[in-house]
Every structure is written in C-alpha cells, then in structure tokens.
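To start, the structure itself, in structure tokens.
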Amino acid sequence: MNLQQTRTEPAPDPSGVPDPQRASTILVPLDGSIQATMVLPVADGLARILGATIHIVHVSPQSLPAGEICAKLQLAARHLSGTVLDQCAGAPAAAIVEEAKKRGSRFIVMCCHTAAERPDGGFGEIARDILLQTPCPVLLVPSGWAQRLWSLRRLVVPHDGTPASAQAIGAASDLCHDARAEMIILHVATAAGAPPEDTGALHAPHYVDQPQHEWPAWAGEFLSRARAIGKPHCGVHLRTVLCTEPVGEAIVRFASDNQSDLIALAWRRHLERTRALTLRTVVQRAGCPVAIYPITADE
C-alpha cells in the first residue's frame with residue numbers, strides 16, 4: 001500500500017460520559033449456531049460503551065421454556081447477566097427488523113452468515129434481508145471471531161469524497177466519543193478509478209503520488225468538508241490518510257495494519273451484484289467487526 005502523509009486535526013478532550021438519553025438496546029439475533037453466539041463479546045463491548053442493554057432475540061415457530069432456549073442458543077450464565085432474552089415468531093429477518101423498530105435499537109449485532117461455508121456474495125440470506133430492511137446500523141462480526149473480547153480504541157471511516165459517504169462520520173463519531181477512541185477518515189484514491197459523480201463530491205488531487213503538489217491543501221479541504229457534512233462530535237480526534245490501491249482491499253489492509261477495532265461504512269441500501277462491491281469486499285475480508293450505516297439519497 002502506498003500511504004501518503006497524513007493531516008491531523010486536533011480536538012478537545014471528550015467528557016467520556018455517555019448520554020443516558022441515548023441509551024437503549026442492542027439487538028442480537030441468535031439461531032443456536034456457534035457462529036451466531038460468537039458475536040456476544042462484541043455486543044457486550046458495544047453495550048458497555050453505549051450504556052445500552054443487550055436484547056437477545058430468537059425467532060422460532062414455537063415458544064420454548066427458558067431452560068430449553070438457553071441450551072438451544074448455547075448461552076451460559078455469563079451471557080445472561082444484565083441481558084434480556086426473548087422469543088418471537090415469523091419470518092426471521094422480518095421479525096428481527098420489527099423487534100429492532102419496536103425497541104428503538106441502537107444497533108443490530110450479528111454475524112454475516114451461520115453456514116459452514118461462506119455464501120456467494122458474503123452474506124447469508126437472513127443477514128442480507130435484515131440489511132435491506134433495517135431501521136438502525138448493523139454491526140457485522142467476522143465468522144472467525146472465536147469469542148474474543150472486544151473494545152473500541154480506533155475506528156476507521158472510509159470516505160470517498162461524496163456527501164453521502166460522509167453521513168457515517170457523525171454517527172460513528174458519537175460512538176468514538178463515548179469510547180474515547182480515535183477515528184480515522186480514510187480516503188482511497190485509485191488512479192484507474194473514475195471520480196465520484198455525486199453532486200458536491202470532492203475529488204482527490206491529480207498528483208496523489210506527489211504530496212508536495214496538491215495533497216496538503218486538498219487534505220485540509222477534505223477534512224473541513226467532512227466535518228461540515230458529517231458533523232462529527234466536537235470531542236473526536238480525526239485524521240485523514242490517503243492511500244492508493246483497489247478500494248476494498250485498501251480499507252481492509254489499512255484497518256489491519258493500524259490495528260483498528262471497527263470499520264464504519266455508509267451504505268446506500270443496494271446489494272445487487274454490480275453494486276456495493278466495496279461493502280462486500282470489506283465485510284468478507286476484514287479481520288474486525290464492520291458497522292454498516294444505511295442511508296438514502298435524500299439524506
């Protein structure tokens with residue numbers, strides 16, 4: 001990866017006190033598979049940051065006694081402390097989305113798939129349907145997480161220069177503020193890639209491989225515009241980094257090289273095979289959880 005110089009914008013120290021008015025629930029759908037249960041340490045770490053309650057939901061055609069459902073979902077006593085466990089019926093994705101709406105969930109935390117083999121496209125059918133309908137961000141945990149503990153110290157927000165992709169900055173900065181974490185805005189410029197066509201997009205400078213020409217001034221403008229559009233929390237420390245290689249691979253490698261704990265992506269609710277290629281690459285190959293913030297064009 002070819003990394004150019006970085007520009008850092010200092011910010012005041014955060015208070016570090018979560019706003020109790022924003023605390024709600026984190027919804028964790030479980031189906032009894034070990035892959036699904038592996039997301040619980042991440043959900044627990046996120047709940048601690050937000051001061052939220054973990055709400056485990058299992059979709060089943062029939063209601064089970066508490067002991068049976070705990071055994072089916074492979075839940076130990078440590079998983080249930082301070083946690084709400086519930087059951088509901090219906091089509092899994094629709095029922096989970098309805099629960100998230102009803103409970104005003106801050107996040108849905110889940111794995112991409114529970115099958116032994118990775119499905120075509122990286123998403124299982126239920127995860128895909130939840131993404132397309134979700135009322136809140138979805139945090140996807142890699143299938144090989146293996147019950148590791150999770151905390152947030154560094155978060156990467158890829159930003160392609162468009163106002164749409166900046167929408168994740170403000171929401172992600174709230175999370176960073178509560179966690180006292182660093183947020184890095186990552187712009188990936190590729191020589192072969194076409195510049196974004198969105199109105200108001202900020203294109204990378206022509207001489208991206210020659211920092212002495214345009215990069216310093218452009219980096220300042222990029223960061224200023226990202227703040228203006230994304231409205232990040234005033235207590236979040238931001239850095240911009242410019243790198244050159246295919247977009248999805250650059251994001252994954254940068255997050256790995258910089259020991260990032262979370263990647264936050266703005267997403268326009270498209271999952272067709274010819275769309276969302278960056279999202280698919282990052283979700284399939286990232287070694288850390290990925291938070292997906294769905295947006296619409298008019299947002």
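The values are calculated or read from the model by the stated rules, or taken from the named source; none is laboratory data. In this text the structure is predicted, and so the values were computed from the model without any measurement. Every residue, glycine as well, gets a Cβ built from its backbone with ideal geometry; the counts of neighbours run over all protein chains shown. Areas reflect the complete protein model, heavy atoms only, side chains present, ligands, DNA and RNA absent. Shrake-Rupley method; radii C 1.70, N 1.55, O 1.52, S 1.80 Å.
Assorted remarks:
- Sequence of 99, 249 when ordered by accessible area, the most exposed leading, probe 1.4 angstrom: 249, 99
- Each residue, residue 228 and residue 125, gets one label point 7 Å from its Cα in the Cβ direction; the gap between the two is 4.8 nm.
- The stretch 240-279 - percent of accessible surface contributed by carbon and sulfur, probe 1.4 Å: 47
- Residue 48 versus residue 68: modelled label distance in nm, points set 7 Å from Cα along the beta carbon direction: 3.5
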